[in-house]
1. First compute the accessible area of the range 59-131 with a 1.4 Å probe, then give the percent of it belonging to carbon and sulfur atoms.
2. Once both labels are modelled 7 Å past Cα along the beta-carbon direction, what's the Asn90-Glu208 spacing in nm?
3. In terms of modelled amide H atoms, which long-range or inter-chain residues lie less than 5 Å from the amide H of Ile176?
4. Show Thr50, Thr75 ordered by accessible area, largest first, where the area counts protein heavy atoms only and the probe is 1.4 Å.
5. Excluding ligands, DNA and RNA, what is the solvent-accessible area per residue of the range 30-151 at a probe of 1.4 Å, expressed in Å²?
6. Using a 1.4 angstrom probe on the protein heavy atoms only, line up Arg94, Arg202, Arg152 by accessible area, largest first.
7. Quick one: order Leu126, Leu172 from most to least accessible surface, probe 1.4 Å.
Amino acid sequence: PKEGCRLTRRQALTTLGLTGVASLVAWGWAQEAKGKEEGFVPLFNGKDLTGFVPFLPGGDPAKTWRVEDGIIVCTGRPNGYLRTEREFSNFILRFEYRMMEPGNSGVFLMNLPDRIWPYGIEFQLLFTEVGRIFGVAGAKVEATPVLQRPTRLKEWNTYEIVHYNGFVATCLNGHIVAIGANAEPRKGHLIFQSEGAEIHWRNIRIREL
C-alpha cells in the first residue's frame, strides 16, 4: 500500500515488552519499503506454476491448483502445498490473496524434507488469525500475538512478510499485524498451503535483502 504499514504507539510498546527492542528491526524493513517495488522480482509468472514444486500426498496437483487469468486458484483439498524450487533467507515477500470461505492456509519458511506440516516458521492465513507468526514441528520464534485484524473475506488482501536474520513481521492491508525475533530456521523454501479452504493468490514477488 502507498501509505506503508502502520503500527500504533501502544502496539509498538506491546511489541517491545514481548520480544525486545531488536524485534523492531523487522518493522524497520517494512517501513523502509513502504510499498516501493524497486528490487522486487516475481515468484509467480502469472501463466503457470514454473518455479514451484507441488507436495500433495494422496492427491492430484492438477485438481488442487490451476492458473486462471494471472491467479493461482487453490481448492484447499487435500492438504499440501506449493514449494519454491529455491531457498531464501533474508527477504520481503509480497502477495495478494483472496480466501473464498472462512478457513485455513498459510505461508511457511521451511526446511526439507517435505511433509504436511514441515519444520519451519508459519505466517498464518487462518481466517481468524491472519498474520500470526509461530514455529511448526520444532521451529522457534518469539512473536507478538495478532495485534489487529484487518482481513477481508472474499476480497483481495495485500500481505507482506519481512524476514531478516531471525527478525520477522507480517503486514496485512497496510497494517503491521505481528512482529517477532529469534526465528529459526533462517533459510529455507517458501510454501503456500492448501489446507481445507479455497484460496486464490496473485502478484507474488520477493525482494532479497
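1. Carbon and sulfur: 50 percent of the exposed surface of the range 59-131.
2. With each label placed 7 Å out from Cα toward Cβ, I get 1.3 nm.
3. Residues meeting the amide H criterion: Arg6, Leu7.
4. The ranking, largest first, comes out as Thr50, Thr75.
5. Averaged over the residues of the range 30-151, the accessible area is 46 Å².
6. Heavy-atom accessible area, descending, gives Arg152, Arg202, Arg94.
7. Most to least solvent-accessible, the answer reads Leu126, Leu172.
The values are calculated or read from the model by the stated rules, or taken from the named source; none is laboratory data. As the structure is a computational prediction, the values presented were derived from the model and not from experiment. Cβ sites come from the backbone with ideal geometry, for glycine too, and all protein chains shown count toward neighbours. Surface accessibility is based on the protein's heavy atoms, side chains included, excluding ligands, DNA and RNA. Shrake-Rupley method; radii C 1.70, N 1.55, O 1.52, S 1.80 Å.
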